[in-house]
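Asker: To start, I am sharing the structure in question, which I have written as C-alpha cells.
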Amino acid sequence: MIISVDIISQPFSGQFLEKIYNISSPWNSTEWTWIKFVNDDFTEWCGEFRGLARDVVLSKKYNLILLLTSDYLYKLDITNGELIEYISQPQYRSISVTPLGDFIVADDYHIYTIETSLDEDKPLYAPIEMDNIRFHNWSNNKLLITCEEFLNWDKHVELELDCETMKVCVKRKI
C-alpha cells in the first residue's frame, strides 16, 4: 500500500523503478510530471504522468490518490498505484485533501468536493463570487484559501474552509 506521494524533478535513469502513465491523446502537452511513491514497506518507485504538476494528494479514507496536472486529473488506487480513472483537460487549478480524508478541488471560480467519480463533483457554497482561487495550508482543520472577488480584481480575499462543517467563510479582505 502507498503511504506517501511527492512531486519530484525528473529522476536519474535507474534511480527508481518507474511506471509511465501515458494516455494517448492529440491534446497532450510535451510536459511531464514525476511522482515518487513510498510503499508501506518503505520501497520507493516513480510514476511519470502527462502535463505540468499542480498537486498530488493521498486519502486513506477513500484509499485513493488524486494527481492534478495541466493535462489530466488522475485517480489512482492507493493499494497498487493502478490508474482507476482520469479526466482530460481538467478545469481545476487547485486540489487538497482535508485532515478527515475528503478531496477538495477548485477551478478559477468555484470550490468542489469529489467523493466517488471524478465526473461527480459537488459545489460548496461560498459567501462571495470568486476568481483565481488558490489553496494554501491547513491549520486546525481549516484550509486557507486566497482569491480575488469576482469582477473586482483589486479586492484580494482570504477565506477559510472548515473541514468538519464544509463551510467556506471570509477571513479578511485585503
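Asker: For segment 101-132, enumerate the residues that are of a type in the set (A, V, I, L, M) and within 18 Å of LEU67 (Cα to Cα).
Answerer: ILE104, VAL105, ALA106, ILE111, ILE114, LEU118
Asker: While we're on this one: Out of the residues in segment 134-151 meeting the condition of being loosely packed, with under 13 Cβ neighbours inside 10 Å and at positive phi, tell me which one is modelled with the highest pLDDT.
Answerer: Across segment 134-151, the extreme among qualifying residues is ASN140.
Asker: Does at least one position in segment 78-99 carry a residue that is β-branched (Val, Ile, Thr), touching a residue at least 12 places away in the same chain (Cβ under 8 Å), in a loop (DSSP other than H, G, I, E, B) and assigned by TED's automatic domain parsing to the domain that holds ILE145?
Answerer: Yes, segment 78-99 contains at least one residue that is β-branched (Val, Ile, Thr), touching a residue at least 12 places away in the same chain (Cβ under 8 Å), in a loop (DSSP other than H, G, I, E, B) and assigned by TED's automatic domain parsing to the domain that holds ILE145.
Asker: Taking segment 64-84 as the search range and keeping residues that are closer than 16 Å to ALA53 by Cβ and among the polar types (S, T, N, Q), which one is surrounded by the most Cβ atoms within 10 Å (Cβ to Cβ)?
Answerer: Looking at the filtered set, the residue picked out is THR69.
Asker: Which of the following residues is among the aliphatic types (A, V, I, L, M) and surrounded by 13 or more Cβ atoms within 10 Å (Cβ to Cβ): ILE35, ILE20?
Answerer: The conditions single out ILE35.
Asker: Look through ILE23, ILE3 and report the one residue that is within 13 Å of TYR72 (Cα to Cα) and not aromatic (Phe, Trp, Tyr).
Answerer: On inspection, the qualifying residue turns out to be ILE23.
Asker: Out of ASP154, ASP131, which single residue is surrounded by 14 or more Cβ atoms within 10 Å (Cβ to Cβ), part of a strand (DSSP E or B), of a type in the set (D, E, K, R) and out of contact with any helix residue (DSSP H, G or I) (no Cβ under 8 Å at 6 or more places or on another chain)?
Answerer: From the options ASP154, ASP131, the qualifying one is ASP131.
Asker: Among the listed residues LEU118, LEU66, identify the single one that is at pLDDT below 95 and either touching a helix residue (DSSP H, G or I) at 6+ places or on another chain (Cβ under 6 Å) or of a type in the set (A, V, I, L, M, F, W, C) (or both).
Answerer: The unique qualifying residue is LEU118.
Asker: Here are the criteria: (1) farther than 13 Å from SER4 by Cβ; (2) surrounded by 14 or more Cβ atoms within 10 Å (Cβ to Cβ). Tell me which single one GLN15 does not satisfy.
Answerer: Here GLN15 meets the rest and fails (2).
Asker: Looking only at segment 85-128, filter to residues that are in contact with a Phe, Trp or Tyr (Cβ under 8 Å, 6 or more places away or on another chain) and among the small types (Gly, Ala, Ser); which one of those is surrounded by the fewest Cβ atoms within 10 Å (Cβ to Cβ)?
Answerer: Applying the filter and picking the extreme gives SER88.
The values are calculated or read from the model by the stated rules, or taken from the named source; none is laboratory data. Every value quoted in this text rests on a predicted model; they were computed, and no experiment measured them. Counting neighbours? That spans all protein chains shown, and the Cβs are built from the backbone with ideal geometry, glycine included.
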